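Please treat every number below as a calculation from the coordinates, not as lab data. What you see is a predicted model, and the numbers here were worked out from it, not measured in a lab. Here the Cβ is made from the backbone with ideal geometry for all residues, glycine too, and neighbour counts use every protein chain on show.
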Amino acid sequence: MNIKKALTRLTVMLLVMVIYPVTALATGPRIKQDLFTPNANSIYALDFPPFITTELNDGGMAVELVNTALQIEKISASINILPLPRMMKYYVLQEKALALIGNHLSFTADQQKELIFIPLLRLKEHYYVYQPKHPEGLPWQGDLKALAKLVYGANPEEDVAAYQQAGIQVETGNTLTLMEKLKAEKIDFMGNSELAVNWFLDRNFSTDKAKFSKLEPGAGEETIFIIFNKNHPQGEALAKQFKQGLDAIIANGQYKALLEKHFGGSEAVNRYSLPLQ
Amino acid sequence: MIYLRYLLLLIPLWTAQADIVVLEANESPPYWSNSLPGGGLGSELVQAISDAVGLQTQINFVPLSRMIEDKNNNDLGNPEFYMAQQEFAAIIPFAITEAAIFYYRPRYNHALKLTGFNDLKQYRLGVLKGTLIDRHAFEQMGLHFESSYAQASLFKKLKLGRIDLVFEIDLVGRQMIAQLFPEQKDDFIRQPLPNSISPIAIMLDAEYPHAVEIAAQYRKGLAAIIANGRYQQIVEKYYPDGQLPSGWFANLQRFQQLYSF
């Protein structure tokens, strides 16, 4: 067998190893904690890898933080990860779910009155461009007006008022779609946490990874919240209890330890996130 | 000539009858299968929905990995598996699936009482690789799972006593047992899990031409076959003798609300 054939076979074998678990996953039942009976305290989390994802055993950093705070307060709740903000809204507004976990979730003023927002994680954000389209980057120095007439890729429920006021066009999509649009040169720039972008660069753009450039200075921050529902029979009481649990894990060092575990050390924590308090 | 122009303007830009809508499914009997008459439960329903509104639908069977990787196709299946990778213009749930626990009755001298995860601690639990969503929580509960890559392998292990219980989609499990052990199929006991219900849907890609109009047609067709009894006839072929999971239509309605965009 020549080297080319051997390499082809090896590639096929590796592909099969990577793809097969996905194949199995999509044809079997999803085995979750609430398989027997619905947990009265359902929490829905918006897919946002690596912070919220079914691809990690612990559900990602934000999910593990929530579970740790819940355990300390002995609150029984099940966390389900969903792909779309509008599904999250359905569960909280129509089915009176206990809480949501996520970022970029917009609610009307009236809806907000029925919700209790507790910040979980503050992440630093950066803008990204695709080098073949913008070899010199963008004239970004912290003022959006310098990017007028360009096209910005926003998450579906992101507040884009500042971009529109600066004369920037906006297209929406989830993070993966936006990165594809960036590569296809349909948008000029997008913003996100460096870790979220790196997650998809490693998995979906490994051959073009170097062509995605991060712009400095930073683009600001985004916060992942847990949002309790006052319309759930125990929503307000459990929000208070959860906040006590969160404060406790911050005070006893568990919060910091979890961040360091997921980010990869204290330097990385400072690089990717901002202090919660 | 001017009349011809006006006439052309009166023809709708898109007509349901004019185009064939191509949807993709992967071989997973008894829901989707080239070898089953009518193509399986899902295929029969999709074709009946299409017929009701004069829509031409073609179902192509492709490997699942290709379905998931292709971000511009129209998919058939559980939306939760596809939505993280692809954006859709419309998702139309038209059926549901329910999971069940299966065990091999001759191995026990009494029927098993399985009402919660605590009851499962003493058993070796067989699952399909990749289906454990809350692995961390299950490990903390002290549950012992064994994964297999194939459904057939799970049920063979169950019969041999290498695992005690199998988690599987109810209809798939029943089909698998009937295929593998036709003589002993009544020795396998199944306990449905009512909180495991998931939708089966038609998913139209965000960029698919006229996706919104096509989705409206599919929804109309679905309502029509439910109203005229055709839907019931098809599902009862697969769930005979009153075995249709309770709350089927209420759950279907709930999923339709969840995906109403």
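Computed from backbone phi with θ = phi - 60° and the Karplus coefficients 6.51, -1.76 and 1.60, the 3J(HN,Hα) list for the range A:203-219 is 8, 10, 9, 4, 7, 10, 3, 5, 7, 8, 10, 8, 9, 10, x, x, 9 Hz; x is used for glycine and proline. With contributions of -39500 (n - 2.57) from each DSSP H run of at least four residues, the per-residue ellipticity at 222 nm computed over the protein assembly as shown stands at -11000 deg cm²/dmol. In order along the range A:69-77, phi translates into HN-Hα couplings of 5, 5, 5, 4, 9, 6, 8, 8, 7 Hz, rounded to whole numbers, per the Karplus curve 6.51 cos²θ - 1.76 cosθ + 1.60 with θ = phi - 60° and x for Gly and Pro. Partners of B:Lys185 within straight-line reach, counting aspartates and glutamates whose Cα lies under 19 Å from its Cα and excluding those fewer than 8 residues away in the same chain: B:Asp164, B:Glu168, B:Asp170, B:Asp241.
Please work out whether the range A:58-167 counts as rounded, prolate or oblate from its C-alpha gyration tensor, where a ≥ b ≥ c are the square roots of the eigenvalues and a/c under 1.5 means rounded, while otherwise a/b larger than b/c means prolate and anything else oblate?
Judged from the Cα gyration tensor, the range A:58-167 comes out prolate (a/c at least 1.5, a/b above b/c).
Computed over the alpha carbons of chain A, Rg followed by Dmax gives 20.6, 69 Å.
Derived scalar couplings between HN and Hα for the range B:54-69 equal x, 8, 9, 10, 10, 9, 9, 8, 9, x, 4, 4, 5, 4, 6, 6 Hz in order, rounded to whole Hz, by the Karplus curve 6.51 cos²θ - 1.76 cosθ + 1.60 (θ = phi - 60°), x for Gly and Pro.
The DSSP beta bridges internal to the range A:123-221 are antiparallel in roughly 60% of cases.
Annotation: amide H-H contacts under 5 Å for A:Leu98 (H modelled 1.01 Å from N, sequence separation of 5 or more, or interchain): A:Ser42. When only alpha carbons are used to place a centre, the range A:220-277 and the range A:104-149 end up 21 Å from one another.
Between A:Ala219 and A:Glu125, A:His126, A:Tyr127, the built amide H atoms are under 5 Å apart, and every one of these is 5 or more places off in sequence or on another chain.
Convex hull over the Cα atoms of the range B:99-192, averaged projected area in nm²? Each step should come with its number before you reach the end.
Numbers: hull surface 22.5 nm².
With every direction weighted equally, the projected area is 5.6 nm².
Looking at chain A, send over the antiparallel percent of its DSSP beta bridges, to the nearest 5. Counting DSSP beta bridges with both partners in chain A, the antiparallel share is about 65 percent.
Relative to the Cα centre, the charge distribution of the protein assembly as shown, modelled as +1 at Lys and Arg Cβ and -1 at Asp and Glu Cβ, gives a dipole magnitude of about 920 debye. Among beta bridges identified by DSSP and lying wholly in the protein assembly as shown, the antiparallel ones come to about 60 percent. For the range A:175-277, a Kirkwood hydrodynamic radius built from all Cα pairs, placed in the Stokes-Einstein relation at 20 °C and 1.002 mPa s, yields a translational diffusion coefficient of 129 µm²/s. Local charge for B:Ala227 was computed over the other residues whose Cβ lies under 15 Å away, with Lys and Arg +1 and Asp and Glu -1, and equals +2.
How large is the convex hull of the Cα atoms of chain B per residue, expressed in Å³ as a whole number? It would help to have the intermediate numbers written out before the result.
On the way: hull volume 38.5 nm³, N = 261.
Spelled out: Cα convex hull of chain B, divided by residues, is 148 Å³.
Whole-Å semi-axes of the range A:100-217's equivalent ellipsoid, largest first, each the root of 5 times a Cα gyration tensor eigenvalue? It would help to have the intermediate numbers written out before the result.
Values: eigenvalues 133, 64, 32 Å².
Equivalent ellipsoid of the range A:100-217: 26, 18, 13 Å, largest first.
Go ahead and run the numbers for FRET between B:Ala178 and A:Glu216, Cβ-Cβ distance against an R0 of 56 Å, rounding to 0.05.
Values: r = 63 Å, r/R0 = 1.12.
Result of the calculation: an efficiency of 0.35.
Relative contact order for the range A:50-93 using alpha-carbon pairs under 8 Å, separation at least 6, rounded to a whole percent? Intermediate values should be presented prior to the final figure.
Details: 24 pairs, mean separation 11.1, N = 44.
Computed value for the range A:50-93: 25 percent relative contact order.
What is the Cα centroid distance between the range B:41-97 and the range B:208-252, reported in whole angstrom? If you average the Cα positions of each part, the centres end up 14 Å apart.
Once you keep just the Cα pairs under 8 angstrom separated by 6 or more residues, what percentage relative contact order results for chain A? Relative CO of chain A lands at 24 percent. Whole Å is fine, so just give me how far the alpha carbon centre of the range A:75-94 lies from that of the range B:22-40. Comparing the Cα centres of the range A:75-94 and the range B:22-40, I get a distance of 31 Å.
What is the Rg over Rh value, at two decimals, for the protein assembly as shown, using alpha-carbon atoms and the Kirkwood definition of Rh? Can you show the working numbers first?
Numbers: Rg = 25.1 Å, Rh = 25.6 Å.
That ratio equals 0.98.
Placing unit charges on the Cβ atoms only, positive for Lys and Arg and negative for Asp and Glu, gives chain B a dipole magnitude near 640 debye about its Cα centre. If R0 is taken as 45 Å, the Cβ-Cβ distance between B:Val62 and A:Lys230 corresponds to a FRET efficiency of 0.45.
So for chain B, averaging the separation of alpha carbon pairs under 8 Å that are six or more residues apart and normalising by length, what relative contact order in percent results? Reported as a whole number, the value is 29 percent.
Each label was represented as a point 7 Å from its Cα along the Cα-to-Cβ direction; for B:Arg230 and A:Lys209 these points are 5.2 nm apart. Comparing mean-square fluctuations of A:Tyr152, A:Tyr90, A:Tyr130 from a GNM of chain A with C-alpha springs under 10 Å, the top value falls on A:Tyr90. Within the range A:196-270, the trypsin sites (Lys or Arg not before Pro) that combine a DSSP coil assignment with at most 14 other C-beta atoms in a 10 angstrom radius are A:Lys230. Counting Lys +1, Arg +1, Asp -1, Glu -1, what net charge surrounds B:Leu132 among other residues with beta carbon under 10 Å of its beta carbon? Residues near B:Leu132 contribute +2 overall.
Distant-in-sequence amide contacts of A:Asn80, defined by a placed amide H-H separation under 5 Å and a gap of 5 or more residues or a different chain, comprise A:Ile43, A:Tyr44, A:Ala45.
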